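Below is one structure, written out as structure tokens; comments come after it.
Every number here is computed from the coordinates shown, using simple stated rules; none is lab data. Remember, predicted model here, so these are calculated numbers, not experimental data. Because the Cβ atoms are built from the backbone with ideal geometry, glycine has one as well, and the counts that use them run over all protein chains shown.
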Amino acid sequence: MGPAELAQFIAAGLKSGAIYALMALGFTIIYASTGIINFAQGEFYMLGGMFAVFAFLTLGFPVPAAAVFAVVATVVVGVIFEALAIRPRENAEPLVLIIITVGGAMVIQTLARQAFGPNELALPAFTGGGSVHIFGALIERQTLWIWGLTAVAVLALWYLYSRTRLGLAMRACAVNREAAELMGIDTSLIVMVSFALAAALGALAGLAVTPLTQTAYHVGAGIGLKGFAAAILGGLGNPLAAVAGGLVLGLAESLSVAFLSSEFKDVTSLLLLLAVLFLRPQGLFSRSKREKV
């Protein structure tokens with residue numbers, strides 16, 4: 001295998017890894033504020049692509065406006081989902097809330113099939129023109145958009161968490177929700193904002209990748225599992241670790257295709273995840289937490 005071919009596989013891995021990172025961030029944000037795994041995160045990804053195609057084909061929006069519409073509409077769905085499904089049972093056991101998210105994912109998927117149909121739908125690339133050469137690899141322009149949007153999302157979250165009062169409140173809830181309530185923080189508001197952010201991240205991933213892969217009502221489950229795996233791999237609850245986990249997972253899958261076979265792509269990610277769970281349960285990039293008694 002030559003350097004150019006290896007660079008091509010690395011670029012493909014980073015493309016997948018960026019999508020996994022956005023999904024993992026969605027899982028991490030909600031886990032930090034609620035302590036639960038939101039298995040409806042994959043449906044936010046699906047809705048991002050679906051809403052963008054709907055706005056472009058049916059409403060006649062240009063692609064940039066369709067992208068904004070998709071993110072806003074998915075955020076609205078995320079907020080409604082939190083208000084109707086999570087908030088009424090916010091004091092329930094985590095397992096109950098996780099089951100609720102699974103049921104919610106099924107409901108969203110069914111409604112999307114009825115609203116948008118069963119067929120795969122396509123969206124034009126954000127910018128025209130041919131692929132570009134970077135370090136010998138041939139990169140689609142849409143891939144550059146995926147990398148750029150992921151970088152912007154990560155920087156925006158860093159600013160939110162480290163430079164704003166809302167971000168500090170979200171960090172306080174992540175450390176200890178009961179203590180945050182005693183300090184006067186509206187934890188219900190924090191949970192709603194967390195679902196809105198997670199929905200926006202999922203929609204961003206979905207609409208960014210749709211020009212390359214198309215979309216359909218059933219695409220959320222598979223990418224949701226990859227995002228969950230990336231979050232576990234990096235360290236659930238740590239946003240930067242989730243991003244790193246997504247990139248590592250994407251590269252591992254792509255390099256397994258390069259050196260083994262495409263049949264080993266999913267097997268490699270599964271084996272990597274199992275190894276981390278057995279050897280370093282807190283994730284590759286998170287420190288273990290110890291409590292003094």
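Here the 3J(HN,Hα) profile of the stretch 187-202, calculated from phi with Karplus coefficients 6.51, -1.76 and 1.60 at θ = phi - 60°, is 5, 5, 5, 4, 5, 4, 5, 4, 5, 5, 5, 4, 5, 5, 5, x Hz, Gly and Pro shown as x.
Extending 7 Å from the Cα toward the beta-carbon at both Arg171 and Thr58 defines two label points whose distance is 4.2 nm.
Which residue, Leu121, Pro62, Ile139, has the largest displacement toward the positive end of the dipole of the chain when charges sit on each Cβ (Lys, Arg +1; Asp, Glu -1)? Toward the positive end, the furthest listed residue is Ile139. Along the axis of the charge dipole computed for the chain (Cβ charges of +1 for Lys and Arg, -1 for Asp and Glu, origin at the Cα centre), the listed residues Leu279, Gly13, Leu249 are led at the positive end by Leu279. Overall, the stretch 143-293 carries a charge dipole of about 460 debye about its Cα centre when +1 sits on the Cβ of Lys and Arg and -1 on the Cβ of Asp and Glu, all other atoms neutral. Could you list Ser162, Ser131, Ser269 so that the one with the fewest beta carbons within 10 Å of its beta carbon is first and the one with the most is last? In increasing order of surrounding Cβ atoms, one gets Ser162, Ser131, Ser269.
With neighbours defined as other Cβ atoms within 10 Å of a residue's Cβ, the residues Val154, Val191 order from fewest to most as Val154, Val191.
Given R₀ = 22 Å, FRET efficiency for Leu84-Arg163 by Cβ-Cβ distance, to 0.05?
For Leu84 and Arg163, the calculated efficiency is 0.10.
Stretched out straight at 0.36 nm per residue, the stretch from Ala92 to Met106 would grow longer than its current Cα-Cα span by 3.0 nm. Taking every alpha-carbon pair under 8 Å whose residues sit at least 6 apart, the stretch 1-106 reaches a relative contact order of 28 percent.
With Cα atoms defining each centre, the stretch 7-45 and the stretch 211-251 are spaced 3 Å apart in the structure. How would the chain be classified by its alpha-carbon gyration tensor: rounded, prolate or oblate, with rounded meaning a/c under 1.5 and the a/b versus b/c comparison settling the rest? Oblate, because a/c is 1.5 or more while a/b does not exceed b/c. Judged by the ratio a/c of the largest to the smallest principal axis of the C-alpha gyration tensor, the stretch 166-221 counts as prolate, that ratio being 1.5 or greater while a/b is larger than b/c. Only the Cβ atoms of Lys and Arg (+1) and of Asp and Glu (-1) were treated as charged; on that basis the dipole of the chain about its Cα centre amounts to roughly 580 debye.
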